[in-house]
Structure formats: structure tokens, C-alpha cells
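First up is the structure itself, then whatever we jot down about it.
The values are calculated or read from the model by the stated rules, or taken from the named source; none is laboratory data. None of these values were measured; they are calculated from a predicted model. Don't worry about glycine lacking a Cβ; one is built from the backbone with ideal geometry, like all the others, and counts go over all protein chains shown.
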Amino acid sequence: MPPRCHFNPPRCACTETPVRQAKSGIETWQRGVAMAQSHLTMSRWAWLYVLVVTLCAAPWAVAQTKNNPTKASASAQQRAAKAVKSQHRAKAAKAPTHGDTPEVQALSERLAQAHQLPLPWVRRQIAHAARLDSLSSLVLPPATPSAKNWQAYRERFVEPRRIAAGLAFWQQHRLALQRAEKKYGVPAELVVGIIGVETYFGRHMGNFRLIDALSTLALNFPTEHPRHAERSAFFQAELGHFLAQAHRAGPSALNTKGSYAGAMGWPQFMPSSVAQWAVDFDGDGRIDLVRSPVDAIGSVANYLKSFGWVSGMPTHYPVTPPMDPAQRETLLLPDILPSFSAERMTELGATLQGPGLQHTGPLALVELHNGGQEPSYVAGTENFYVVTRYNWSSYYALAVIELAQAIRDARP
Ligand SMILES: [Ca+2]
């Protein structure tokens, strides 16, 4: 998948919900006591009434949350989702459109020509799309980047609720997953792992109208970004693919929602990825990554196969890095690109064991930082590298692989 910001974890607020709920119970009690105190001038009976009711109600409110976290969490999530939707509706209603400017005209001409689309239609769609000025802050690199932390990153994905959701997804779509594994040679668990990390099995597919997000990033990508020209060109090309797909699919496709960066559906494909690698895997005659998890399963497997997935090859092996800083530097130089045979890696001071020593293809010493703690290392194979083509990050790839493994291990 083309490079893009990875933003799924912050969208998932479910781990915070029970804490907020419990806190609200305590606050209810505190508010009640404060209310009782402020009414000292009331009659003695009225004061006692307020105090008794408050003391009875507070533990009940907390117990409700502790004993029924799922229900409380779902309810809170629904409220949060409604708030986000309402916020987006309000923003969309107020957001200015791009208008029929010379820039819009020039871009429309290029995209219409590239995709053989009617120019007036393209021009109208872009001119009427909302300009989402809030996206600038989302695509700019943070002013003070936080230290990478593999263990913290991993905990966001490899956790009991996501594993349970993965089991349910696997059970529901086991036939499609089997069929994809047979056709593309990509293990079912890896497809499950990717869809689990990308969208929590369809729960978080994004709430931005893609036409608004893509046209904004195509026309108004922040000039202060260090790779402004490259990123603008990238989003202009993605907008072209999206318009071509929407023109073929019909007017309702223009309302398709996705991430602020233009990724859509269960597998969060960018429009150019949809054009190249998405498949109609449920056989209904059209590709629909938003409504068809089966199309998503086939498309993810096809994507990984297209990037060179080798059936039966492990993704990585345990490795101990060299003690010598110069040797370690040599091994880390090609980053995640597999460049060393097991023999060469051993010559350079790394320690592999068992199957890792027997591996016949090239390996990469993959370093994952853990904040202030010692980094973690794995010896990544060419299949590990293939997973990083979905999202260009070794942290992402290992989270997908470990979530996949955890779900497979939890299967009955
Ligand atoms: Ca389909």
C-alpha cells in the first residue's frame, strides 16, 4: 500500500471508556455530597434524604460499569460515534468548497484526461467538494516526535478484545479465508491480522467523505510539509483514481467515507490500491471494500501475493544482535530490506538459532525501539518485508504478525 500515516490506534477509545464511566460514578457521589452540603439550610429531613439517596446511588453507578463493561463501553462508543458524526455533519455544512478556481480547472483537466472522464463532471465534483482545513494538522509531522515504543504499540493491537473479535471474524468468514489461502497462498491468519489492525474488523473505517479529504490534500496540502510537492502529486493521483471509480460505480459512491488520508473500507485501501489489487471475491460482480468483508479478504490476500508473498516461508526468526557496535551498524544499514544470508549475519556477530540458521533466503536485522528500554530485534525474512509493503513500518508488520499468531493460537 502506498505510504500513509497510520492512525487507527488513536481512533479506538474503547480502552478508555470504562475508566471514564467509573469516574463518572464517583463524580455523581461527589456532586451529591456537595449538593447536600450546600443545602445545610434546608430542613434536617430534606438534607438526610439527599445524603441517603446519594450514598445509595453512587455504588450502584460504579457497579453497573464494573459488572457490565461491554454494555457500558458499547453505549459510550455509540454516543462518541454520534458526536463525531454530528461534528462532521456540522463541519461539512459550514466547510467552504474549493470552488471553480483556476487550480481546480487545471487539476480537473489533468485527471479527466488521465482517466478518460467527462471534464465538466470532474470539475463539478472537485469544485463542490468541501475544503477540510483541519486536515493540515493531521498530515504535518509532529513538532516534537515521541520516542518509538514497540511494546506500547503492540499492546494496542495484541489484546484480548481484538483477539476475540478476530476469532469471531475468522469463524464468520472461514470459507472465504480458506478460499483466499488456497488461491493466493497467503495464510488466513495474516489476512485476519491485517484487517484486525487496520480497522478492528470493520469497526473503524473512517468518517471522512473521501472526495472532501482527497480533494483537500490534492489542492491544499500544507506547503510547510518537507515533502509538499511529492505528497500533493500523490494525493492528486489518488483523487483521480477515486473519481474514476466513483464515476463507474454511480452517484452514491461519491459519498463513500474513509480515513482522512483517503483510505477506505475493511482493509483501508487507497484508491490506487483498489485499482490495482482489489478483487471481487464474493462474486457479486463488483468490488466493494466497504460493504463486503469477503471482497476485503480476497483483496488483502491478492495484495500480499502481488508483493511477493512466498507460501510456507516464516516471516521472522528470533535473533540476538551483535555486541560490537560497528557490526551492528553494518547489519542495520539496509534497514528492513532483507540483505544478509544467515551465514553472513552470523559472521557479523548476530546469533540465530535452529530454523533461523537453516533459512536459505536473505534476512534483515529489524530493530524496534522500546522508549528508554533496550530495543527488540527480529531477523525478518522476505515475507516480513512483504507485510511492510502494506504499511511501510516494521512496527506495523510485527503487530499484524503477532495479532495473527495470537488469534490463530486462540482458535479451538
Ligand atoms: Ca463483490
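A quick yes/no check of all residues on (1) within 14 Å of the ligand (Cβ to nearest atom); (2) of a type in the set (Val, Ile, Thr); (3) over 30 Å from Val104 (Cβ atoms):
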{"site": "Gly240", "(1), (2), (3)": "no, no, no"}
{"site": "Gly250", "(1), (2), (3)": "no, no, no"}
{"site": "Val274", "(1), (2), (3)": "yes, yes, no"}
{"site": "Ala278", "(1), (2), (3)": "yes, no, no"}
{"site": "Gly283", "(1), (2), (3)": "yes, no, yes"}
{"site": "Thr320", "(1), (2), (3)": "no, yes, yes"}
{"site": "Asp324", "(1), (2), (3)": "no, no, yes"}
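Total residues in the range 237-291 satisfying the condition of being in contact (Cβ under 8 Å) with a residue 24 or more places away in the chain, over 16 Å from Asp212 (Cα atoms) and of a type in the set (Asp, Glu): the figure is 1. Of everything in the range 260-272 that is within 14 Å of the ligand (Cβ to nearest atom) and either assigned to a loop (DSSP other than H, G, I, E, B) or among the small types (Gly, Ala, Ser) (or both), the residue that is farthest from Gly166 (Cα to Cα) is Gly265. Looking across the range 285-314 at every residue that is aliphatic (A, V, I, L, M) and more than 10 Å from the ligand (Cβ to nearest atom), the one that is surrounded by the most Cβ atoms within 10 Å (Cβ to Cβ) is identified as Val300. The selection criterion, being surrounded by fewer than 18 Cβ atoms within 10 Å (Cβ to Cβ) and closer than 30 Å to Met205 by Cβ, holds for Asp280.
Answer yes or no: is there a residue in the range 135-142 that is under 28 Å from Ala275 (Cβ atoms) and within 16 Å of the chain's Cα centre (by Cα). Yes, some residue in the range 135-142 is under 28 Å from Ala275 (Cβ atoms) and within 16 Å of the chain's Cα centre (by Cα). The residue that is farthest from the chain's Cα centre (by Cα), among those in the range 303-319 that are β-branched (Val, Ile, Thr) and in a loop (DSSP other than H, G, I, E, B), is Val310. Tell me, please, whether a residue that is among the small types (Gly, Ala, Ser), closer than 23 Å to Asp295 by Cβ and in contact (Cβ under 8 Å) with a residue 40 or more places away in the chain can be found in the range 209-230. Yes - at least one qualifying residue is present in the range 209-230. Of all residues in the range 320-339, those being over 26 Å from the mean Cα position of the chain (by Cα), in contact (Cβ under 8 Å) with a residue 40 or more places away in the chain and either part of a loop (DSSP other than H, G, I, E, B) or not assigned by TED's automatic domain parsing to the domain that holds Pro375 (or both) number 1.
Conditions (1) within 30 Å of Asp282 (Cα to Cα); (2) among the aliphatic types (A, V, I, L, M), marked per residue:
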residue	(1), (2)
Ala296	yes, yes
Asn302	yes, no
Pro322	no, no
Glu329	no, no
Ser341	no, no
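Within the range 243-257, identify whether any single residue is of a type in the set (S, T, N, Q), touching a Phe, Trp or Tyr at 6+ places or on another chain (Cβ under 9 Å) and buried (at least 18 other Cβ atoms within 10 Å of the Cβ), and answer yes or no. So far as the range 243-257 goes, yes, one or more of its residues are of a type in the set (S, T, N, Q), touching a Phe, Trp or Tyr at 6+ places or on another chain (Cβ under 9 Å) and buried (at least 18 other Cβ atoms within 10 Å of the Cβ).
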